[in-house]
Every structure is written in C-alpha cells, then in structure tokens.
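Chemist: I'd like to ask you about the structure that follows.
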Amino acid sequence: MKHDQNASLRRRKKGILMSFLAAAAVLYLTACAEVPEPMETRATTFSDTSTAAPSESQSDGAQTTAPQTTEEPNGEPADTAQTTADSVHPVPPPDDADEETGIHTETTETLESIPYDTVYEYSDQYYEDERFVRVSGIDGCRLVTLVTTYQGDKVTDVSEHTEVLYQPTNEVIVIGTKKVITYGTAIVTENEVPFETEYVYDENAYDDERTTVQAGQNGYTTSEYRITYEKGVEVARELVTSEVTPPVPEILRIGTKPAYTEEQVTREENVVSYETVYEYDSTLEEGVQQVIVEGKDGYTENTYRITYYHGEEISRELVERTVHEPQNEVIVIGTKKEETFGMPYVDAAHGGYDYNVTQDFGGSNNHGGIDFGVWYGEPIVSVMSGTVVYAYDEGDIPTSDLRWTYGTYVVVEHENGTRTYYAHLSSRTVSVGDTVEKGEIVGYSGNTGRVSPAPTPSNPLAGTHLHFEIRVWNGSTYVKADPKDYLPRWNY
C-alpha cells in the first residue's frame, strides 16, 4: 500500500516538472524570436517546487543551492539568479518490511536547477559601445533520487540516481566591435579658375580653317581633408594638403595657305597591255628564260589643268592628248635539259629495291647525311655524272683523322657545285680522276669504318648500310646539306 503511495507521489512530481518544462520552452522560443534592446546583463531564474504531500522527514531533507555568479568579458561579475527547489519525501517502512531484521528503505527525490552559461559573441555589425542579449538564459533541471537502506536505525546502503529533465539554455550576449570613432580622407576640387584663349597662325594650314591645338582647361584647387566620423556620421574635417592647378589656355591654329589651287599634270590613261612572244633556244638550260625585248603597254598621254580645294581635286580640263602604241615582250626559253639527281643505289624504278632510311639527316647527334639500309654487297651508284676527287680504302686514313670512320669511301664532284659521298663500302670500283656517269657503279655496300653495331666473327655483316652525303659549295668551302632536298625519292 505504501509502495503505491510512493509511485503516485512520483507521478505527480513528474507531471508538475513537465508543466515547468513546457513553460521554459515557451520562454526560450520567445527569447529567440525577438532580439531585445541592448543591455548590460540579463538573468533568467528557474524555480521549481514540488507540491508533494508533506511528511515527517520533509524538513530534514530540504536542500538549497546558492545563486550562480557569471563573469562578464571585462572581468566584472554579473549576477544570474538560480534557485533549486528540493522535495524530500521520506518513505516509512513498508508493511512487508522484515520485522526480524528491521531492514527498510527511504527514498528522497530532489529537484535541482542546472545553471546556464553566458556566451559572448563579437560582431563588427554593431559599435563597440553596444551590446544586447540575443538569447535569454534558461536554467535546466535535474531530478536526484537518493535511496537510503536502514537496518533498524543504522544506514547500511545509500544509492543516488540523477535524471536530467531538460538541459539549460545558454544566455548569448552580442558585443559590438565596430569602432565608434573612425577617420577617412576626402579629395575635393574647388576654387575653379576659367581658362583663356590664344591664337597662332600656321602657313601649313588652309586659310579657311581653324583647329584647336590645345584644349583649354580651367584651373582649380585640389584639397585633401582628414574627416572624423562618429558612428558613420561626419563630425569634423581638417585640411591636410592643398594644391593649386593653374588654368591651361586654349590654343587655336588659324591657317594662311590658300584653300584653292591649280596645277597642270600629265597622266597615262587608256592603257593597252602588251603581248608576250616566246622564242626557244637549245643552247640555254631547259627551263631558263631570258627577256630580250622589254614589253611596253600602249597608252594615251593626256595633259590636264586641275583645280584643288584643300588639296583635293574638284575639277579638271583636258589641255593636250598623245597616243603611244604598245611594244610586245620577247622571251627566249632554253630547251637544253639539265641533269638531275638519282638515288645512290638501284631503286625499284630501275629494277632494284627502295631501301629504308635507318638514320636521317641532322638530329641530336648532328648526323651529316642519310643512312640507307642497303644490303651487303649491293651496287652503289653515282647520283649524277662527275669526277672522282677522293677514293680511300679502309686503313688508308689513320684513326687520328675522323675521316677513318667512313671506312672505304668515294667522293664525286659534279658540275652543279655539289659533291656526293658514298661511305662504309665493302669495296670501290673507281679511283681519283675517274669520270663517272649517272647510275654508274662506284662500289658495293658494306660495313667498313665505324658502324653500329660493329661486325663480329659470329656476325660479320652487322652494321651494314650506306652513309650518303651531299655537300654544296658556298663560295669558300663545301658544307653539308640535307640530301632529301635533292634526291628524287623526296622530290617527285
């Protein structure tokens, strides 16, 4: 029976606490909805006293907590009142208590307030002498249940349970950081002085025109002020510097040259184009053209008297006319065919094979020619008729001379100012002073000199290829040229 009474008492307490919780929520929402006027501090007090039925031991279990003191950012305390209402409900021994041992329990329930904290926010949207409470503080609440076990009059066990009914809502105070007194600079143009007009005369300008040589500008004073603002409103200004800009005079140019003039000119008009007549000469190289008679167009030579205004023609009068007949141009064209370069091997067009290029001209190692992958022992032919000027076998040149790297090689000089080199031959068929024709064999492909990879006993044909160069006379010496600019394989 007494247990039921205790349970009913606790239900009534919780009902009361829920009512206080709803009231606290309304206060919190109201505080968040509207920002109050700026104030120094704002305190919120929570008080909750249970209306439980009184008992003999109630006065002995009552507890009171002292008001909380919150410290402001400036170090001064701000009082925030806090009140904790405690309800102590001793429970007499139940009917079924162990009468032999005398063991019984006593339950005390206490409502305690949970103090709220004060949080400071700093905003540059408000001046530093302004502050206000953005959120009002609301204390939280917790229920502390103390169960004491007795054996007779002696306490044998004490257990405590704390239940937070609702958390406190921190007080939020906004403090402005924007400076009340600020300073600025203003540049002001004032005291304007009108400009004057000056005139100059120019013999290169026409007598009926005038132009502005220099635009006039008014004078003025430029002043710099230091301005004091209080909360964004100007309250004072002080002159810092002042500079006077004098006026710039307007300058007008007036011409003295006559606007109207006359002159007599002769013009070639009604042009009749000359014709070109071609003649052919077998003693000239094929494709060479020479003009032996300059062509002249026919035309009418007219003399006019022209009137100008400001240098522009406004009228003309024919004074004299002479007709000149056209003279035909005569061009002689050569028909003698010039020898062209061929390939340094027997290519597919002549019943042989078009070998691949294994190394091109130039590159990172400044290669002086083109390497063709001509098979070992295949014939190497002169690309054009000429005279053999060098012919060496492998071993003729000491290794101190870089030309030894060519191995067995032949050099042919041609009438067009070029020389061609054929290197790494297995053997040669010509000697110095020999005359060769285009396509004539000068040797056979091989791998003499310095080649990569070098031949070995197990691979005696390694490194076989033809190194081919073209060198062009530049007036003082022969210089290496890209063979692709001359060989037909790249110039069809």
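Chemist: Grab the strands (runs of 3 or more DSSP E) fully contained in the range 142-222, keeping just those with 3 or more residues being among the acidic types (Asp, Glu) and within 30 Å of Thr105 (Cβ to Cβ).
Modeler: Values: elements: 154-166, 171-178, 181-193, 197-206, 210-214.
Result: 154-166.
This table checks each residue for (1) closer than 20 Å to Val319 by Cβ; (2) surrounded by 11 or more Cβ atoms within 10 Å (Cβ to Cβ); (3) free of Cβ contacts under 8 Å to residues at least 24 places away in the same chain; (4) in contact with a Leu (Cβ under 7 Å, 6 or more places away or on another chain).
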residue: Thr266; (1), (2), (3), (4): yes, yes, no, no
residue: Asn270; (1), (2), (3), (4): yes, yes, no, no
residue: Tyr278; (1), (2), (3), (4): no, no, no, no
residue: Asp281; (1), (2), (3), (4): no, yes, no, no
residue: Leu284; (1), (2), (3), (4): no, yes, no, no
residue: Gly287; (1), (2), (3), (4): no, yes, no, no
residue: Gly295; (1), (2), (3), (4): no, yes, no, no
residue: Gly298; (1), (2), (3), (4): no, yes, no, no
residue: Tyr304; (1), (2), (3), (4): yes, yes, no, yes
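Chemist: Which ones in the range 412-458 are over 55 Å from the mean Cα position of the chain (by Cα) and within 15 Å of Phe341 (Cβ to Cβ)?
Modeler: Val412, Glu413, His414, Glu415, Asn416, Val436, Glu437, Lys438, Gly439, Glu440, Val442
Chemist: A further question follows. Among the residues of the range 427-451, count how many are among the small types (Gly, Ala, Ser) and touching a helix residue (DSSP H, G or I) at 6+ places or on another chain (Cβ under 7 Å). Lay out the reasoning, then the answer.
Modeler: Looking only at the range 427-451, we keep the residues that are among the small types (Gly, Ala, Ser), and these are 427, 431, 433, 439, 443, 445-446, 449.
Restricting the remaining residues to those that are touching a helix residue (DSSP H, G or I) at 6+ places or on another chain (Cβ under 7 Å) gives 449.
So the count comes out to 1.
Chemist: Mind counting the residues in the range 325-361 that are surrounded by 13 or more Cβ atoms within 10 Å (Cβ to Cβ), out of contact with any Ser or Thr (no Cβ under 7 Å at 6 or more places or on another chain) and outside any loop (DSSP other than H, G, I, E, B)?
Modeler: Looking only at that region, the number is 9.
Chemist: Filter the range 306-322 down to the residues that are more than 60 Å from the chain's Cα centre (by Cα) and either exposed (fewer than 11 other Cβ atoms within 10 Å of the Cβ) or of a type in the set (Ser, Thr, Tyr) (or both) and list them by number. Let's see the steps before the verdict.
Modeler: Narrowing the range 306-322 to residues more than 60 Å from the chain's Cα centre (by Cα): 306-307, 315-322.
Listed by number, the residues that qualify are Thr307, Ser315, Leu318, Glu320, Thr322.
Chemist: Does Val389 fit the bill of being surrounded by 12 or more Cβ atoms within 10 Å (Cβ to Cβ), of a type outside the set (Gly, Ala, Ser) and within 58 Å of the chain's Cα centre (by Cα)? Steps first, answer last, please.
Modeler: On the way: surrounded by 12 or more Cβ atoms within 10 Å (Cβ to Cβ): yes; of a type outside the set (Gly, Ala, Ser): yes; within 58 Å of the chain's Cα centre (by Cα): no.
For Val389, the condition - surrounded by 12 or more Cβ atoms within 10 Å (Cβ to Cβ), of a type outside the set (Gly, Ala, Ser) and within 58 Å of the chain's Cα centre (by Cα) - is not met.
Each value in this text was obtained by applying a stated rule to the coordinates, not by laboratory testing. If you're wondering where the values come from, they're calculated on a predicted model, not measured in any experiment. Positions of Cβ are generated from backbone atoms using ideal geometry, with glycine treated the same way; all protein chains shown enter the neighbour counts.
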